[in-house]
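The values are calculated or read from the model by the stated rules, or taken from the named source; none is laboratory data. Bear in mind that the values here come from a model prediction, so they are computed numbers and not experimental data. Positions of Cβ are generated from backbone atoms using ideal geometry, with glycine treated the same way; all protein chains shown enter the neighbour counts.
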Amino acid sequence: MREAMRVFARFSPKWPVPQEGCCLSSFVLALRDNAILLGRVSDAELWGEKWALPTWNPPRWRDKLLLPAAHLLIREHPDQAANRILEEMLNAGSFTVKFRGIQNHVEDSGHWDVCFVYEADIRGDVRKPPWFSELRYFSPEDITSNSIGRGHADIMREAGIRLKD
C-alpha cells in the first residue's frame, strides 16, 4: 500500500486534480438470496460511451466480473448516480437503495478512485442490456478475487462478502 501524500485532497485552480487522475463513481451492491449481481462488459466502446469508463485496448476489466457502477456526471450527486445505474444501466423497474459508505483506492500509478457504495434491493428480474455480455446473480463461493475488476473485490470484501482467493 502506498503511503498517503501529506497533501489534502482539495481540487481547485490552486490545488489541481492529481496528474494521474481522480475518478468519482457510485457502485451498487444488489444482493438476492446470498448472491450478488455482477456483469461482464460486452463491448468496450459501447461501455465507454454509455458509462464513461476507459476503453484503452485491451481494457483491463474486459473479462472481469464487475459490480454495477458508473462515474458521476458533472454536478451529479452520488445518490443520483446510484439511481441512474439502477434505472438506466440495469433497467430495474422497482428498487430501494441505501447509502453504505465511501471507499477509495489508489493504483500504483497514483490514480485515485473515490467510490460511493450503495446497497440496492431490486424487486423483479433484471434484463441483460446490450453493454453486458453476462449479467446475473453470482454466489460468492463461485467468485475469486482475481475474477473481479480492480477495486470491485475491495468493495465486496468491505461489505462482508467473502470471496475465494
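For this structure, a couple of remarks:
- Flag if TYR118 is among the aromatic types (Phe, Trp, Tyr) and over 11 Å from VAL28 (Cβ atoms): no
- Residues of the stretch 41-69 satisfying the condition of being in a strand (DSSP E or B) and at pLDDT 90 or above: LEU65, LEU66, ALA69
- Pairs, first without any contact (Cβ under 8 Å) to a residue 24 or more places away in the chain and crowded, with 17+ Cβ neighbours inside 10 Å in the stretch 22-39, second hydroxyl-bearing (Ser, Thr, Tyr) and not in a strand (DSSP E or B), C-beta under 6 Å, six or more apart: none
- Leading residue by the ranking (modelled with the lowest pLDDT) among those in the stretch 126-165 that are among the aliphatic types (A, V, I, L, M) and assigned to a helix (DSSP H, G or I): ALA153
- Residue tally, condition crowded, with 18+ Cβ neighbours inside 10 Å and either under 19 Å from TRP51 (Cα atoms) or touching a residue at least 24 places away in the same chain (Cβ under 8 Å) (or both), over the stretch 113-153: 16
- All positions within the stretch 93-125 that are in contact with a Pro (Cβ under 9 Å, 6 or more places away or on another chain) and in a loop (DSSP other than H, G, I, E, B): GLY110, HIS111
- Residue ID - nearest to SER26 (Cα to Cα), chosen from residues in the stretch 95-110 that are surrounded by fewer than 16 Cβ atoms within 10 Å (Cβ to Cβ) and in contact (Cβ under 8 Å) with a residue 60 or more places away in the chain: GLU107
- Check on ALA92, within 25 Å of GLY160 (Cα to Cα), in contact with a helix residue (DSSP H, G or I) (Cβ under 6 Å, 6 or more places away or on another chain) and either small (Gly, Ala, Ser) or modelled with pLDDT of 90 or more (or both): yes
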